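S.K.: Following this message is one structure expressed as C-alpha cells.
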Amino acid sequence: MEDVAANLARVRAEIATALQESKRPEGDARLVAVSKKQPLERVEAALAAGQRVFGENYVQEAKRRWEPLKGRYGDLDLHLIGALQSNKAEDAVALFDTIQTLDRPRLATALAKAVAKAGRRPRLLVQVNTGLEPQKAGVAPDELPDLLGHCRGLDLDVEGLMAIPPAGDDVAIHAALLAKLAKRHGLPEVSIGMSDDFGPAIRFGATIVRVGSAIFGERPEG
Ligand SMILES: *Cc1c(COP(=O)(O)O)cnc(C)c1O
C-alpha cells in the first residue's frame with residue numbers, strides 16, 4: 001500500500017529545497033499531482049493530505065472521476081496535461097481550470113469557441129516540442145510566435161509554456177530552453193519536470209512540476 005501522504009510530504013519538501021537553492025521564494029513552483037489511471041483511494045488520500053491541484057491526461061476519464069469530487073472540494077485546480085482533440089474542447093473547457101496542451105491553431109480556435117459558449121476561461125499553456133521529436137505533440141520552438149499571435153487574435157490569454165522532454169534527455173537543457181522562450185514572450189508559467197527530475201527542472205526555471213508516480217506509486221496497468 002502506497003503511503004500517499006508521506007510521498008506528498010517528501011515531494012513538497014524536495015520542491016522547497018530546490019526553490020531555496022535557487023534563491024526563489026517559497027511557493028514559486030506549484031505541484032500538479034498527476035492522478036491519471038490511479039485508483040480512487042490514492043486520490044482520496046492526496047485530497048485528505050490537502051493536495052488540490054491535480055493533472056489528468058484523458059478528458060473522459062477525468063470527467064468521470066472529478067465531476068463527483070468537484071461538489072465536495074470547491075477549491076480544486078484541475079490541469080489537462082494530455083493531448084486534446086479539437087472535438088473535445090467543449091468538455092475540456094467545462095471541466096478543467098488549466099489546459100496545458102494547446103499546441104496548434106485549430107485547437108486554439110476550438111478552445112476560443114468553447115470559452116465563448118461556456119463563459120468559462122481555463123488558464124492556458126502552450127505545449128512546446130523542445131526535443132523536436134517528430135511523433136510528439138507540441139509546437140516547434142520556431143513556430144511558437146505564430147501560434148501565440150493566433151491566440152492573441154482569438155482573445156485567448158496564454159499564461160505559459162509546457163514541455164515533455166525526450167525520454168533519457170537531461171531535463172536541464174529543456175527546462176532552460178522553455179524558461180528562455182517563456183521569458184522572451186513575457187509568459188510567467190513554465191511547466192516541466194516529472195517524478196524523476198522535478199528538482200533539477202525547478203533549478204532550471206520550472207514554475208509548475210507534474211508529478212505522478214513519486215506521489216501515487218506506479219500506475220496500475222491498463
Ligand atoms: C504521466 C505524466 C506525468 C507524470 O509522470 P510521472 O513520471 O508519473 O511523474 C507528467 N506529465 C505528463 C504530460 C504525463 O503524461
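S.K.: Select from LEU8, LEU132, PHE96 the residue farthest towards the positive end of the dipole of region 1-153; place +1 on Cβ of Lys and Arg, -1 on Cβ of Asp and Glu, and compute about the Cα centre.
M.R.: PHE96
S.K.: For region 73-120 and region 145-222, what is the centre-to-centre distance using only Cα atoms, to the nearest Å?
M.R.: 17
S.K.: For LYS183, give me every one of the lysines with a C-alpha distance below 19 angstrom, ignoring sequence neighbours fewer than eight places off in its own chain.
M.R.: LYS23
S.K.: From zero up to wherever the largest Cα-Cα distance of the chain sits, split into 5 Å bins and tell me the percent of pairs in each.
M.R.: Result returned by the calculation: 1, 7, 15, 19, 20, 18, 12, 6, 1, 0.
S.K.: Which value, in debye to the nearest 20, gives the size of the charge dipole of region 112-222 about its Cα centre, when Lys and Arg are +1 and Asp and Glu are -1 at the Cβ?
M.R.: Roughly 560 debye, rounded to the nearest 20.
S.K.: When the dipole is taken about the Cα centre of the chain, and only Lys, Arg (+1) and Asp, Glu (-1) are charged at their Cβ, what size is it in debye, to the nearest 20? Display every interim value, and only then the final one.
M.R.: Details: 30 positive and 31 negative charges, 122 e Å.
Computed about the Cα centre, the dipole is about 580 debye.
S.K.: Summing +1 for each Lys or Arg and -1 for each Asp or Glu, what net charge is found among the other residues whose Cβ lies under 14 Å from the Cβ of GLU61? Walk me through the intermediate numbers first.
M.R.: Details: positive: LYS36, LYS37, LYS63, ARG64, ARG65, LYS88, ARG219; negative: GLU56, GLU67, ASP91.
Here the charged neighbours net out to +4.
S.K.: If you don't mind, there's one more thing I want to ask. Putting +1 on Lys and Arg Cβ atoms and -1 on Asp and Glu Cβ atoms, find which of LEU107, ALA45, ALA33 reaches farthest to the positive end of the dipole of the chain.
M.R.: Toward the positive end, the furthest listed residue is LEU107.
S.K.: Can I ask one more? Can you give the Kirkwood hydrodynamic radius for region 1-76, in Å, rounded to one decimal and based on Cα pairs?
M.R.: With all distinct Cα pairs of region 1-76 included, I get 13.6 Å.
No value in this document is a laboratory result; all are computed from the given coordinates. Note that the structure is a prediction, hence the values are computed from the model and not measured. We place every Cβ from the backbone using ideal geometry, glycine too, and count neighbours over all the protein chains shown.
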